[in-house]
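Working notes, structure below.
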Amino acid sequence: MLTGRLLFGSGNGSLTIVQNRITAFWFKGKELALAFGLTLSFSRLGSVLNFFFTQQFEIHFGIQWTLWGGTLLCILGFISAITVSVLDKVGMKQLGLDGVIQQESKKVRVQDVRRLPLRYWLLVLTIMFFYNGVFPFVADASKFIQDKSAGYSQQEAAYVAGAVYDSSLVLSAAVGILIDYVGLRGVFAVGCAVLTLPVFALLAFTFVPPLVSTVWLGITYSFAAASLWPSIPLVVPQATLGTAMGLATSVQMIGIGLSNLIVGHILGTKSSELKIPLWRWQQMMVFMLANTVACIMASVCLNVVDKQQGGTLNRSTKRSSAAEVRQPVDTAPLLDEVGDEGSIN
C-alpha cells in the first residue's frame, strides 16, 4: 500500500506542475485567475465526489472494485493528459513560440534557482504556510468533529469536513473572475490569511457548529488559491515557469508533509477508534494558527517588496497586459548574459 501511495503521489505532483505550467502559459495576461479557479473547481469536484460516493461504492461493491474504479479514473486522466499535450504542442507551433521557449529554457541551469526573484520566494512561503493550515486540518477534520461535538456519525462528520471543498467548488470560478477584474492579488493574499485566523480559534476554543468554520475556511481557501498560484507567472520569466511551479509545488508538499508529521505527534495516536482528548486537538489548532500567522507575515513582506518593484501583483489584468506590451517578459532569459551577477527581479 505504501508503494502504491508513493507512486500515486509522485505522479499527482508531477501532473500538478505540468498542469499549472500549461494553464499559466496560455492564460497569462488574460483570465489567469479564472483559469486557475476553474482548474481548482474541477479538482475540488473530485474531492467532493470522493467524500460523498467512495464510501458508499465500497460498501456496495467492495474495496477491490473501488480500487479498480480509481484505476479507470487514472486511465481517463492519462488520455486527457495526452490530448492536452498535443494541443499545447500544436498551439505553440502555430504561434511560432516553440523554438523560442526551448532556446530560452536551455539557458536555465539548476544553480540559477537561487537567482529567482525575492517576490517568488515570498509567494512560495505564503503558499506553503497557508496550505499547512488547510490540508492537514481537512485530513483530520472528520475525526476532530466526532471527538469534540456529540451527535455526529462518521458520515455526517465527513460531510461537514468536506464543506471546505464544497465551498471551493462553488466559489473558485467566480473568485477567479473577480481577481482578474480588480487585481489586488497581494492584498487578497494578506486578507485571506488574516480572515483564516478566526477559523482555527473558533474550532479550538468555542462550541460554534463546525460547519461554520469549514465553510469559512473553504471561502478563504478559494480566494487564496485564486490569488496566489496565478501570481507566480507574473514574477518569473516564461522560460522558467515550469521550474518555478515545480519548486513551489515541492515546497508546498514538503511543508504539508512536515505539518502532518507534527500533527500526528501532537495527537499522539494512530488509532481512529480511540477518542483524542480535547486539549490535544486544541494544541493542533494552535499549530494551525501559528502557520496562519507565518502566512500573514510572509504575505505582508510580499506586498512590501512588490510595491518597491512596481506593484505587479496588485494590478488588474488590463493594466498588467498593458505593462507587458511595453516590456514583454514572456521570452525574457532567466539571466542577464552580460554578467554573472544579474538578477531577474
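Just so it is clear, none of the values below were taken in a lab; they were calculated from the coordinates. Please read these numbers as outputs of a predicted model, since none were measured by experiment. Note that each Cβ is placed from the backbone with ideal geometry, even for glycine, and that neighbours are counted across all protein chains shown.
Protection proxy ranking, highest mean first, for peptides 247-255, 203-211: 247-255, 203-211, where packing is the per-residue count of other beta-carbon atoms within 10 Å, averaged.
All C-alpha pair distances within segment 129-246, sorted into 10 Å bins from zero, spread as 13, 40, 29, 14, 4, 0 percent across the bins. A crude spin-label estimate for the pair Tyr181 and Lys89, with each label 7 Å from Cα along the Cβ direction, gives 4.0 nm. Distances between every pair of Cα atoms in segment 159-308, grouped in 10 Å steps from 0 to the bin holding the largest one, split as 10, 32, 38, 16, 4, 0 percent.
Roughly how many whole Å is it from the C-alpha centroid of segment 43-65 to that of segment 125-182? If we compute the Cα centre of each part, the gap is 18 Å.
Extension gain, Leu274 to Cys301, is 5.5 nm, computed as 0.36 nm per intervening residue step minus the present C-alpha separation.
Hey, with R₀ at 22 Å, roughly what FRET efficiency would Ile63 and Ser153 work out to, going by the Cβ-Cβ distance, to 0.05? Spell out each step's value before the answer.
Values: r = 21 Å, r/R0 = 0.94.
Between Ile63 and Ser153 the formula returns 0.60.
Please arrange Trp65, Trp121 by how many other C-beta atoms lie within 10 Å of their C-beta, fewest to most.
Working: Trp65 12, Trp121 19.
Ascending Cβ contact count within 10 Å gives the list Trp65, Trp121.
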